[in-house]
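Asks: Have a look at this one before I ask anything.
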Amino acid sequence: MLRPLAAALLVVALAACDPAGSAAVGSGEVPAPAASAAPSGLTDDAQTDEGEKPGDAEADDAGEAEPAGALEVAFLDVGQGDATLVRTDEATLLVDTGRHDRSDLPGLLDEREVTAIDVVAVTHPHADHLGQFATVLEGLDVDEVWFSPADHDTLTFERALDALEAADVAYAEPSAGEVYDVGDVVVEVLGPDAGADPGDLHDSGLVLRARAGAASVLFTGDVEEATERRLVDGPHAAWLDADLYQVGHHGSATSTSPELLAAVDPEVAVASYGLSNAYHHPHAEVVERLEAAGVALYGTGAHGTVTVRHDADGWSVATERDGEVRPGEQEDEQEDGDDA
Ligand SMILES: [Zn+2]
Ligand SMILES: [Zn+2]
């Protein structure tokens, strides 16, 4: 099910972006991954399907720091929610699936010629992460699904479970310490860790670092400060180190604590949020903290879809439009409690 990356189409997609919104970031000075810390070769034996696994790469692929093909991470503009596409020559992963009250994700994937996905990982079942899961599963050729262990009592969750049951896909609930090979992408699992509260949707959320060649990206979902502290103090803290960081919890001040930021030490950070959202994301403390750390900060609310690419020339960022990440407006607009 591995499809080669359509390079020509990528060029088209990037060319559609305003050139003024593109900027080179860094020049290949990415830290070498901590190969020795990765128990390579561990496969996802929790899955229930006998179909061909996207993983199972040779063990010696894990941990190699040689410059492989490009890694492209597209933080899709899905409003106040998350949906991020990770692609290499050999693998396609989707981390989170947008909002329940929008239907934008299939079109955004279609624009990028995505018809097959090796892994759809949903960090936690809130409706701004799980929102269009069922539609994605029904409309695309998905090999494998990863969920966090938490249940949720919403229609969105029920519909997701129904779609999962009806689909012919492998299923896993990754947990800390596991390493998955997905084509040429190595995914290290930091959370949920042993201390996670399975009844807390954020605390028990998936925390994943994806690596391809020398490039790495960290997804912490909506985990908050207490969880971040456990990760920083935990046995897999070395896996937090990433060049590219999706700003936790849409830029909320509950997350991206100074300790976590120091451990991640990213060059580029992207926050996924909708402009003028009811939660005022991103919060001023987080924006200031990232800027003070010298991190190049982008946001889907300010820039539309943000596409970050790593190849032989280092990192580059292309945005759908020009903009600047500013803290959320402080006047209250509407309250919408469930799907934070
Ligand atoms: Zn969220
Ligand atoms: Zn959430």
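Asks: What relative contact order, as a whole-number percentage, does the range 70-319 give when Cα pairs under 8 Å and 6 or more residues apart are counted?
Replies: Working: 614 pairs, mean separation 44.8, N = 250.
It rounds to 18 percent for the range 70-319.
Asks: Excluding residue 254 itself, what net charge comes from residues whose Cβ is under 9 Å from its Cβ, given Lys and Arg +1 and Asp and Glu -1?
Replies: Values: positive: none; negative: 222, 224, 225.
So the environment of residue 254 carries a net charge of -3.
Asks: What does the charge add up to near residue 73, with Lys and Arg as +1, Asp and Glu as -1, over the other residues with Cβ less than 11 Å from its Cβ?
Replies: Every neighbour counted, the sum reads 0.
Asks: Please work out the Cα center distance from the range 162-218 to the range 310-330, rounded to the nearest Å.
Replies: So the separation of the two Cα centres works out to 25 Å.
Asks: Taking the Cβ of each residue in 255, 216, 276 as the centre, tally the other Cβ atoms inside 10 Å and list the residues starting with the fewest.
Replies: Numbers: 255 23, 216 26, 276 12.
Lowest count first: 276, 255, 216.
Asks: What does DSSP give for the range 104-240 in terms of the percent of beta bridges that are antiparallel, rounded to the nearest 5?
Replies: 60
Asks: Right, here's the next one. Could you work out how far the C-alpha centroid of the range 237-303 sits from that of the range 74-112, in angstrom?
Replies: Spelled out, the Cα-based centre of one part sits 19 Å from the other.
Asks: What order do you get for 130, 218 when you list them from fewest to most C-beta neighbours inside 10 Å?
Replies: Starting with the residue having the fewest Cβ neighbours, the order is 218, 130.
Values in this text are rule-based calculations from the coordinates and carry no lab data. Just so we're clear, the structure is a prediction, and the values are computed from it rather than from any experiment. Cβ: placed from backbone, ideal geometry, glycine included. Neighbour counts: every protein chain shown.
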